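Undergrad: Before I ask anything, here is the structure I am working with.
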Amino acid sequence: MKRFIAFLLMGSLGSFAWAGEQKKDVTERLQMATDVLSQMASAPDKGIPEEVLDSAKCIAVVPNLVKGGFILGGKHGRGVATCRTAEGWSAPAFISVGGGSAGLQIGVEGVDLIMLIMNDKGMQQLLSSKFQISGEGSAAAGPVGRHASAGTDWKLDTQMLTYSRSKGVFAGLTLEGAVVQQDSDSTISVYGHDVSFKSVLQGKVSTPDIAKAFMKAVADAAHKAKIQEARDGKK
């Protein structure tokens with residue numbers, strides 16, 4: 001009996017330790033995502049165009065996405081997403097990005113990834129909790145700079161615009177074949193249970209304290225883009 005009780009106690013302690021490590025990992029990830037957005041907003045000439053950010057329906061940030069390998073390239077990372085709702089931006093939903101592409105690639109590189117969902121079709125894919133990025137119309141490397149070039153077609157059928165940031169500089173990134181899905185472990189760690197991806201992104205779940213700094217960074221970045229776009233339009 002004593003051995004059985006000891007076994008249960010060890011299992012409980014192990015679960016608490018795992019939960020603690022998971023919460024710490026999520027906290028660090030949220031802070032890194034917050035930093036990426038804050039730095040993006042403070043460098044508009046080298047970042048995402050104001051009109052693109054102002055038009056985005058959802059924003060997803062994957063700090064320190066690891067890509068690379070030898071012969072077979074791969075991408076993997078965990079991040080956080082939020083969507084516009086009638087009351088503002090939704091609470092954060094936690095995502096993972098994984099997938100590979102054939103080709104000669106040597107070395108491993110960590111980059112910050114930002115994905116902007118640009119239309120209702122792209123938003124529905126994100127709400128599905130798991131989808132693969134494929135097809136020319138579904139995702140494209142986003143334009144960079146204070147303004148999107150008049151020659152780009154990002155306002156047409158592109159569901160998602162993707163960006164990478166390395167050493168402070170943003171650039172368009174191709175994520176063909178990558179799979180985006182709900183990160184259930186992080187979701188449980190923050191919300192206490194595996195709340196549905198759709199409920200979170202539709203604004204049906206309150207923002208936890210751990211994510212308030214990230215949500216403020218999202219709101220600030222979107223607000224700055226809106227104000228600057230309005231100012232530029234008056235010139």
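The values are calculated or read from the model by the stated rules, or taken from the named source; none is laboratory data. Small disclaimer: the values here were computed from a predicted structure and weren't measured. Backbone-built Cβ (ideal geometry, glycine too); neighbour counts: all protein chains shown.
Undergrad: Before we move on, is residue 27 surrounded by 22 or more Cβ atoms within 10 Å (Cβ to Cβ) and either modelled with pLDDT of 85 or more or farther than 15 Å from residue 179 by Cα (or both)? Spell out the reasoning first.
TA: Values: surrounded by 22 or more Cβ atoms within 10 Å (Cβ to Cβ): no; either modelled with pLDDT of 85 or more or farther than 15 Å from residue 179 by Cα (or both): yes.
It is false that residue 27 is surrounded by 22 or more Cβ atoms within 10 Å (Cβ to Cβ) and either modelled with pLDDT of 85 or more or farther than 15 Å from residue 179 by Cα (or both).
Undergrad: Counting only residues that are of a type in the set (Gly, Ala, Ser) and under 20 Å from residue 123 (Cα atoms), which one in the stretch 185-205 is modelled with the lowest pLDDT?
TA: Selected residue: 196.
Undergrad: Please name all residue pairs, on different chains or six or more residues apart, with Cβ atoms under 8 Å, provided the first residue is in the stretch 173-197 and is surrounded by fewer than 18 Cβ atoms within 10 Å (Cβ to Cβ) and the second residue is among the hydrophobic types (A, V, I, L, M, F, W, C) and in a loop (DSSP other than H, G, I, E, B).
TA: Cβ pairs passing all conditions: 176/133; 177/133; 179/133.
Undergrad: Let me ask something additional. Considering only the stretch 32-62, how many residues are in contact with a Lys or Arg (Cβ under 6 Å, 6 or more places away or on another chain) and modelled with pLDDT of 90 or more?
TA: 1
Undergrad: Name every residue in the stretch 134-161 that is part of a loop (DSSP other than H, G, I, E, B), modelled with pLDDT of 65 or more and out of contact with any helix residue (DSSP H, G or I) (no Cβ under 9 Å at 6 or more places or on another chain), in order of residue number.
TA: 134 - this is the single residue of the stretch 134-161 that is part of a loop (DSSP other than H, G, I, E, B), modelled with pLDDT of 65 or more and out of contact with any helix residue (DSSP H, G or I) (no Cβ under 9 Å at 6 or more places or on another chain).
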